[in-house]
Amino acid sequence: MSEALSLKKKVAAHSMDLVEEGMVLGLGTGTTMRWFIEYLGEKVTKGGMKVQGVATSEGTAHLAEQAGIPLIAPEDMPSLDLAVDGTDEIDSDLRLIKGGGGALLREKIVANAALSFVVIADESKLVDRLGRFPLPVEVDRFCAVATARAIQICLKELNLPDKVALRKREDNRPYITDGGNHIYDCYVNEITSPASLAVSLDAIPGVLGHGLFIGMVAKAMIANAEGIHIMEAQQ
């Protein structure tokens, strides 16, 4: 087993302490969440725990169903007690870049609906400054090229590299999200002001969401060789 995989399993197992009987949970998407879902499924099927989940992607829904976790249809989603998700990057201020798996818009909706949003990750995701991982922006397919140009202008105005690329599948066709949208990945290297960039991207017509999660995380659990490092938002 690789060290990275071992750390993902470790933090997913540790995060089970957050789950309580009767909770309605937001279930994120990604490799670390696969282990969270597996361990949660064991609590449900073997331990008899009563919980319900809301999946942030069709892939997560499939994993949860296989694990025996009861799911609530997104259109029937109540207030969530807890949302748990991984991340592509996290800084010391608990700001994130998410969306490598293509579920950023639904992940943000679910995280925002939760009373508490907790991130689980291995230490490779902890960075001094966001931006090494390409920032995903989900856009409506209508006039998507024009929206991409507006994203480039936005980046230039903030003195960031304006390299923006339509995400493609292995067969070179455009990647389509579960919601039927395109994703443009922004190769910005370092984001000096994540909050300013988030506001500017949100203001572009055609942009449905982006991978900057700011001021949303209550707690982050980061696995390293020594154990689990807990980071909590300032009250």
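Observations on the model:
- Residue in region 203-212 that is farther than 24 Å from Ser124 by Cα and loosely packed, with under 14 Cβ neighbours inside 10 Å present: yes
- Whichever residue in region 123-139 is among the charged types (D, E, K, R) and within 14 Å of the chain's Cα centre (by Cα) and, among such residues, is nearest to Pro161 (Cα to Cα): Glu138
- Scanning region 185-199 for residues that are over 16 Å from the mean Cα position of the chain (by Cα) and either open to solvent by 10 Å² or more (accessible area, probe 1.4 Å) or free of Cβ contacts under 8 Å to residues at least 12 places away in the same chain (or both) returns Tyr187, Asn189, Glu190, Thr192, Ser193, Ala195, Ser196, Val199.
- Flag set for Cys154, criterion: in contact with a Ser or Thr (Cβ under 6 Å, 6 or more places away or on another chain), at pLDDT 95 or above and either more than 30 Å from Glu3 (Cα to Cα) or basic (Lys, Arg) (or both).
- Selection within region 87-118 - in contact with a Gly (Cβ under 7 Å, 6 or more places away or on another chain), of a type outside the set (Gly, Ala, Ser) and within 26 Å of Ser6 (Cα to Cα): Asp88, Ile97, Lys98, Leu104, Glu107
- If you go through region 182-215 and keep only what is closer than 17 Å to Asn112 by Cβ and assigned to a loop (DSSP other than H, G, I, E, B), you end up with Gly211, Ile214, Gly215.
- Matching residues in region 168-184 - criterion: being in contact with a Phe, Trp or Tyr (Cβ under 9 Å, 6 or more places away or on another chain) and closer than 14 Å to Gly211 by Cα: His182, Ile183
- Per-region count, region 153-181, residues in contact (Cβ under 8 Å) with a residue 12 or more places away in the chain, part of a helix (DSSP H, G or I) and surrounded by fewer than 17 Cβ atoms within 10 Å (Cβ to Cβ): 1
- Just so you know, in region 1-24 the residues that are assigned to a loop (DSSP other than H, G, I, E, B) and among the small types (Gly, Ala, Ser) include one that is nearest to Gly99 (Cα to Cα), and it is Ser2.
- Exactly one residue out of Gly41, Gly47 is under 20 Å from Val118 (Cα atoms) and without any contact (Cβ under 8 Å) to a residue 40 or more places away in the chain, and it is Gly41.
The values are calculated or read from the model by the stated rules, or taken from the named source; none is laboratory data. All figures in this text were calculated on a predicted structure; none of them were measured in a lab. So basically every Cβ, Gly included, is an ideal-geometry build from the backbone, and we count neighbours across all protein chains shown. Only protein heavy atoms, including side chains, enter the accessible area calculation; ligands, DNA and RNA are left aside. Shrake-Rupley method; radii C 1.70, N 1.55, O 1.52, S 1.80 Å.
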